[in-house]
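I have placed the structure first, in the form of structure tokens, so that the comments after it can refer back to it.
Just so it is clear, none of the values below were taken in a lab; they were calculated from the coordinates. Just so it is clear, the model here is predicted, and its values are computed rather than measured. Because the Cβ atoms are built from the backbone with ideal geometry, glycine has one as well, and the counts that use them run over all protein chains shown.
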């Protein structure tokens with residue numbers, strides 16, 4: 001029986017974590033011996049345990065670069081890989097993709113796969129930082145046998161920067177089970193009651209961790225223009241930027257316009273509470289939250305970056321904004337609020353797009369094929 005070991009940096013439930021869970025469950029269902037390693041998180045651990053998938057805790061992992069901590073991480077991963085002895089090592093996140101690949105090669109793992117959930121060199125950084133990230137990515141690619149890009153945009157970026165030869169790179173879109181997503185949704189009324197928001201308000205919401213790349217600071221600035229309207233903003237998520245957002249909300253006296261719920265288990269079941277789903281990110285790969293919102297038939301307004309244009313065609317099945325600003329974001333929100341019929345048409349076509357082009361079945365089939 002072939003063994004697959006998935007390794008990921010963080011176990012907080014986000015897009016990359018959902019990706020690993022979906023693949024781990026599918027690999028197990030297909031008769032493979034599967035295990036997952038990451039930092040400890042009770043929810044992640046319990047979800048894996050419920051699926052009878054072994055979990056290995058990584059204690060030395062962290063996002064920030066720390067030479068001594070990263071050396072400890074290398075030896076911890078090397079020891080784990082030697083213990084599990086997988087036939088396929090599937091790595092997720094930039095740091096794990098590099099350190100894990102080197103450890104995997106030294107442990108003589110037959111096949112090492114890395115999924116780039118959006119390249120770090122696509123972030124807003126100085127030219128010198130970007131060059132350094134490209135060099136690190138190139139070095140890591142020497143130890144990776146296959147690199148999965150979650151969008152054609154990311155694959156093109158990797159080729160442009162010569163991260164790896166074309167033969168190592170493949171684009172496989174993230175996918176979801178639209179029918180299963182729809183079945184789990186709370187009704188609009190119930191979702192709003194659970195979130196403690198008014199039934200008559202026009203809700204602009206998002207599900208995102210409070211990270212700089214998510215650009216959630218745009219929402220308070222956009223909300224300044226919402227005075228004398230029934231628009232209310234909801235953010236479901238948690239993270240290091242939360243205090244900054246709370247400060248902006250307080251500074252501009254917007255407390256009555258915002259609900260910050262914190263992290264919620266199975267956050268996507270609340271999607272029907274929203275009239276509009278917004279994602280003003282500065283960097284994205286191919287976001288699961290956007291696919292889930294579209295599958296829930298919610299009109300989506302997003303920044304025009306990363307793989308998002310591969311999902312949304314502007315003003316056809318959603319709204320994308322080039323060089324997004326709070327002003328442009330508010331204009332799009334106000335337009336949808338004014339023309340609710342057109343808003344609904346965008347939502348219907350968005351749902352159709354996910355069903356036709358971004359199925360979980362396709363993603364699993366194409367990825368599992370690489371394990372063989």
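For the pair residue 242 and residue 355, label points projected 7 Å from Cα toward Cβ lie 3.7 nm apart. The slack in the chain from residue 322 to residue 83, taken as 0.36 nm per residue of separation less the alpha-carbon distance, amounts to 81.2 nm.
Taking a ≥ b ≥ c as the square roots of the eigenvalues of the Cα gyration tensor of the range 178-357, is the shape rounded (a/c under 1.5), prolate (a/b larger than b/c) or oblate? Taking the square roots of the gyration eigenvalues as a ≥ b ≥ c, the range 178-357 is rounded.
For the range 162-239, what does the alpha-carbon gyration tensor say about shape, rounded, prolate or oblate, given a ≥ b ≥ c as the root eigenvalues, a/c under 1.5 as rounded, and a/b over b/c as prolate? It is oblate, given that a/c is not under 1.5 and a/b is not larger than b/c. When only Cα pairs below 8 angstrom with a gap of at least 6 residues are kept, the range 3-171 shows a relative contact order of 19 percent. Length available on full extension from residue 335 to residue 124: 0.36 nm per residue minus the Cα-Cα distance, which gives 73.1 nm. Of the peptides 113-125, 298-310, 247-259, 195-207, the order by per-residue mean of other Cβ atoms within 10 Å, starting with the highest, comes out as 298-310, 113-125, 195-207, 247-259. The candidate values are [x] 132, 39, 25; [y] 64, 44, 35; [z] 116, 44, 37; the one derived from this structure for Cα extents along the principal axes in Å carries the label [y].
Arrange the following residues from fewest to most other Cβ atoms within 10 Å of their Cβ: 74, 274. Walk me through the numbers before you get to the answer.
Numbers: 74 17, 274 26.
Ordered by Cβ neighbours within 10 Å, fewest first: 74, 274.
Exposure proxy for 181, 9: other Cβ atoms within 10 Å of each Cβ, ordered fewest to most, give 181, 9. Evaluate E = 1/(1 + (r/R0)^6) for residue 66 and residue 365, where r is the Cβ-Cβ distance and R0 equals 56 Å; express this FRET efficiency to the nearest 0.05. Calculated value: 0.90. The ranking of 8, 224, 176 from fewest to most other beta carbons within 10 Å of each one's beta carbon is 224, 176, 8. Between residue 50 and residue 221, residue separation times 0.36 nm minus the direct Cα-Cα distance comes to 57.4 nm.
For the range 76-200, just say rounded, prolate or oblate: build the C-alpha gyration tensor, square-root its eigenvalues into a ≥ b ≥ c, call rounded for a/c under 1.5, and beyond that prolate if a/b exceeds b/c, oblate if not. Intermediate results must be reported in sequence, preceding the final value.
Details: a/c = 2.35, a/b = 1.68, b/c = 1.40.
Prolate shape, in that a/c is at least 1.5 and a/b is the bigger ratio.
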